Amino acid sequence: MDKQLKNQLAHFIDGRVCLLGIGNRYHHDDAVGPYLAEAIESHPDYDVIDAGTFPEDYIETTAHKHPDTILMVDATDFGGEPGEVRLLYPEHVAYSGVSTQADSLRVLSEHLQARTHARVGLLAVQPADTSNGKGLSQPVSQTLDDLLESLPEICGHTISVLKH
């Protein structure tokens, strides 16, 4: 993870964090959000939800965690290099050239923010392969490892890593 993104995340993340992993485990790189959630969900210092392909079903579950910051993690095509990560603000996603779920992520963000009053951000990972199948591409797998290493430092906790 580059220094600029680390700084951006450090300034964005505040208080109690809830990580919402979004994606389809059967479409290769689209599974990066659920894989990240799975790797850290058993850690007591984290509020993590593997929301899969229906994150809107987890609005109340998220609200009950009383987060100050909600970090949605999803494979999102923003035109970057495979495995590249950006912190996007969902209220601006539909207008930033991001394709696929832009409108639904913006609406989800609005609902989460209205229900929780938390800061909501999208940690977008540029996919290399979202075709049918299991397993991450090499660049997205490396990004997952980088996130598992960097997020604890940024959030102030440690993560015991599950291998993907």
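What to note about this one:
- Count - residues of region 79-111 that are in contact with a helix residue (DSSP H, G or I) (Cβ under 6 Å, 6 or more places away or on another chain), modelled with pLDDT of 80 or more and closer than 19 Å to Phe54 by Cα: 5
- Inside region 147-164, residues that are assigned to a helix (DSSP H, G or I) and either touching a helix residue (DSSP H, G or I) at 6+ places or on another chain (Cβ under 9 Å) or modelled with pLDDT of 95 or more (or both) make up a count of 8.
- Tally of residues being touching a residue at least 60 places away in the same chain (Cβ under 8 Å) and surrounded by fewer than 18 Cβ atoms within 10 Å (Cβ to Cβ) across region 26-41: 3
- Residue ranges of helices (runs of 4 or more DSSP H) in region 1-96 with at least 1 members of a type in the set (Asp, Glu) and touching a strand residue (DSSP E or B) at 6+ places or on another chain (Cβ under 9 Å): 32-40, 90-93
- Answer residue from region 109-126, given it is more than 13 Å from the chain's Cα centre (by Cα) and surrounded by 22 or more Cβ atoms within 10 Å (Cβ to Cβ) and is nearest to Thr76 (Cα to Cα) among those: Leu112
- Among the residues of region 18-41, the ones that are of a type in the set (Phe, Trp, Tyr) and touching a helix residue (DSSP H, G or I) at 6+ places or on another chain (Cβ under 7 Å) come to 1 in all.
- Condition met for Pro67 (in contact (Cβ under 8 Å) with a residue 24 or more places away in the chain and not acidic (Asp, Glu)): yes
- Residue match in region 115-136 (condition: under 20 Å from Gly15 (Cβ atoms), at pLDDT below 90 and outside any helix (DSSP H, G or I)): no
- Checked against the criterion of being surrounded by fewer than 18 Cβ atoms within 10 Å (Cβ to Cβ), in contact with a helix residue (DSSP H, G or I) (Cβ under 8 Å, 6 or more places away or on another chain) and under 23 Å from Asp145 (Cα atoms), region 58-78 contains not a single residue that satisfies it.
To keep it simple, each residue is scored yes or no on (1) surrounded by fewer than 16 Cβ atoms within 10 Å (Cβ to Cβ); (2) in contact with an Asp or Glu (Cβ under 6 Å, 6 or more places away or on another chain); (3) free of Cβ contacts under 8 Å to residues at least 40 places away in the same chain; (4) not aromatic (Phe, Trp, Tyr).
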position: Ala10; (1), (2), (3), (4): yes, no, no, yes
position: Arg16; (1), (2), (3), (4): yes, yes, no, yes
position: Phe54; (1), (2), (3), (4): yes, no, yes, no
position: Gly80; (1), (2), (3), (4): yes, no, no, yes
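- Residue within region 3-25 that is at pLDDT below 90, farther than 20 Å from Ile70 by Cβ and either in contact with a Cys (Cβ under 9 Å, 6 or more places away or on another chain) or charged (D, E, K, R) (or both) present: no
The values are calculated or read from the model by the stated rules, or taken from the named source; none is laboratory data. Fair warning: this is a prediction, and the values are worked out from it, not measured in the lab. For neighbour counting, all protein chains shown are included, and Cβ atoms are generated from backbone atoms with ideal geometry for every residue, glycine included.
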